[in-house]
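Structure first, commentary second.
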Amino acid sequence: MSVALETNESLYPFVLTEEQEALRREIREFAAREIAPNVMKWDEASEFPLDVVKKLGQMGLLGVIFPPEYGGAGLGYVDYVLAIEELAAVDGSIGIIVAAHNSLGTNHIFLAGNETQKKKYVPRLASGEWLAAWGLTEPGAGSDASNSRTTAVKKGDRYVLNGNKTFITNGHYADLAVVRASTDKSKGTHGLSAFVVEKGTKGFRPGKKENKLGLRASDTSELIFEDCEIPEENLLGAEGEGFIDAMRVLDGGRISIAALALGIGRGALDATLKYVKERRQFGKAIAEFQGIQWKLADMATELDAARLLTQRAAVLKDAGRKVTRESSMAKLFSSEVAVRICDDAVQLFGGYGFIKDYPAEKYYRDVKLCTIGEGTSEIQRMVIAREILKVYPSRG
């Protein structure tokens, strides 16, 4: 598989600092050296690239958004978006592994944990010594978290967890999982609490590994809890506030999915630009045909617009602002734009877009998850509508 690594710099509609340029260059060179040659091998075998993940930890990319006092790189969401995009432009599987670890599992501990919990877990996670998973979704409770059936019953100084989670990124390889469970069913989402469950805890195990359409080198699996006892100090945040904290986590997580979509879309566009200059029909490169040029123009314009929305959300997040609306807008628009770009890429590759010797088909398979994970496009529209109606309330 040929992966486009050179990017038209005009596709970046903002100015990067010298440090950000250096970060981008470092990640791009690493991706060309360590990831690109293995993309299709990992994809075909659904092989989790653990060695590469460990190297990303050594580079500081598993602790991008956490301060140095907790072992992190001390960077912000603008840098984080840049990192995820660069990784995903070569392999979306690597992008989502890093995103789920940073934005979800580790970040929940960082945002909701007490000082003891943060000092115990975040340095190990930020260094890449440990990998994190985040368990919210269940077979019967996806967007409707109030329907969660996983329970946590307090018994003395311990909680006993029973239930299972599904579609969990990093599930088989995580050293710990942050899990939501109901501590009071009568309160719905206000009865959900969050817990840290370490790998090897009796009664906790990963279940079925999913055989997926795309992002096949990332691990997606069940987490199963059967009379799993954990100490009460593993309660993360206050009892009953697990859902509220999860929504705070998702505000940042959706920025990372927007960046994931950007990377996959950019990778598809880069590969397409290279192909249309080389592919000749009727005596000239197909890039010279107006119909092709118009499609390329739309792809590039929409990608830039998506990047601007994503960077806006990242800048506001770094400024400490509430970004529920902005992160949902970025995630919604970027994911749907990237799906269109990857669809157009397959079309422009023609018959070659349908075979695995060329990169378009993999980008096409990988990108669809971006409109589903961390809240579907339909949920994003609900979130956005709710947020804008707060600004323009009914006069009735």
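Things worth noting here:
- Residues of the stretch 283-295 include at least one that is in a loop (DSSP other than H, G, I, E, B) and modelled with pLDDT of 95 or more.
- Residue match in the stretch 258-276 (condition: free of Cβ contacts under 8 Å to residues at least 24 places away in the same chain, charged (D, E, K, R) and in a helix (DSSP H, G or I)): no
- Of all residues in the stretch 49-91, those being of a type in the set (A, V, I, L, M, F, W, C), farther than 16 Å from Glu29 by Cα, part of a helix (DSSP H, G or I) and open to solvent by less than 10 Å² (accessible area, probe 1.4 Å) number 1.
- When Leu303, Leu332, Leu309, Leu250 are checked against the criterion of being farther than 16 Å from Val383 by Cβ, of a type in the set (A, V, I, L, M, F, W, C) and surrounded by 18 or more Cβ atoms within 10 Å (Cβ to Cβ), a single residue qualifies: Leu303.
- Yes/no for Ser103 being part of a helix (DSSP H, G or I), open to solvent by less than 10 Å² (accessible area, probe 1.4 Å) and within 23 Å of Ala360 (Cα to Cα): no
- Odd one out for Val153, checked against (1) in contact with a strand residue (DSSP E or B) (Cβ under 7 Å, 6 or more places away or on another chain); (2) under 14 Å from Leu62 (Cβ atoms): (2)
- Selection status of Thr272, hydroxyl-bearing (Ser, Thr, Tyr), open to solvent by less than 20 Å² (accessible area, probe 1.4 Å) and within 22 Å of Val367 (Cβ to Cβ): yes
- For the residues Lys368, Lys317, Lys362, Lys390, the requirement of being in a helix (DSSP H, G or I) and modelled with pLDDT under 95 singles out Lys390.
- Residue count, the stretch 135-169 (criterion: modelled with pLDDT of 95 or more, of a type in the set (A, V, I, L, M, F, W, C) and open to solvent by 10 Å² or more (accessible area, probe 1.4 Å)): 3
- Out of Val337, Val315, sole residue that is surrounded by fewer than 18 Cβ atoms within 10 Å (Cβ to Cβ) and closer than 15 Å to Ala258 by Cβ: Val315
- All conditions in (1) farther than 26 Å from Val15 by Cβ; (2) open to solvent by 10 Å² or more (accessible area, probe 1.4 Å) hold for Leu236, with the sole exception of (2).
- Residues in the stretch 170-195 that are under 21 Å from Gly373 (Cα atoms), touching a strand residue (DSSP E or B) at 6+ places or on another chain (Cβ under 6 Å) and open to solvent by 30 Å² or more (accessible area, probe 1.4 Å): His172 only.
- For the stretch 196-223, the set of residues classified as touching a strand residue (DSSP E or B) at 6+ places or on another chain (Cβ under 8 Å) and among the basic types (Lys, Arg) consists of Lys199, Lys202, Arg205, Lys208, Lys209, Lys212, listed by residue number.
- Count of residues meeting criterion [among the basic types (Lys, Arg) and under 24 Å from Tyr392 (Cβ atoms)] in the stretch 295-316: 1
- Scanning the stretch 228-246 turns up no residue that is polar (S, T, N, Q) and under 22 Å from the mean Cα position of the chain (by Cα).
- The single condition among (1) closer than 22 Å to Leu125 by Cα; (2) in contact with a Lys or Arg (Cβ under 8 Å, 6 or more places away or on another chain); (3) open to solvent by less than 30 Å² (accessible area, probe 1.4 Å) that Glu34 does not satisfy is (3).
- Within the stretch 294-308, the presence of a residue that is touching a Ser or Thr at 6+ places or on another chain (Cβ under 9 Å) and among the β-branched types (Val, Ile, Thr) is excluded.
- Positions within the stretch 196-215 being open to solvent by 30 Å² or more (accessible area, probe 1.4 Å) and in contact with a Lys or Arg (Cβ under 8 Å, 6 or more places away or on another chain), in sequence order: Leu213
- Residue within the stretch 121-128 that is surrounded by fewer than 23 Cβ atoms within 10 Å (Cβ to Cβ) and of a type in the set (Phe, Trp, Tyr) present: no
- Only one entry of Tyr363, Tyr392, Tyr358 meets the criterion of being open to solvent by 20 Å² or more (accessible area, probe 1.4 Å) and under 30 Å from Gln293 (Cβ atoms), and that entry is Tyr358.
The values are calculated or read from the model by the stated rules, or taken from the named source; none is laboratory data. For clarity, every value in this text was computed on a predicted model and none was experimentally measured. When we count neighbours, we look across all protein chains shown, and the Cβ atoms used for this are built from the backbone with ideal geometry, even at glycine. Side chains included, ligands, DNA and RNA excluded: accessible areas come from the protein's heavy atoms. Shrake-Rupley method; radii C 1.70, N 1.55, O 1.52, S 1.80 Å.
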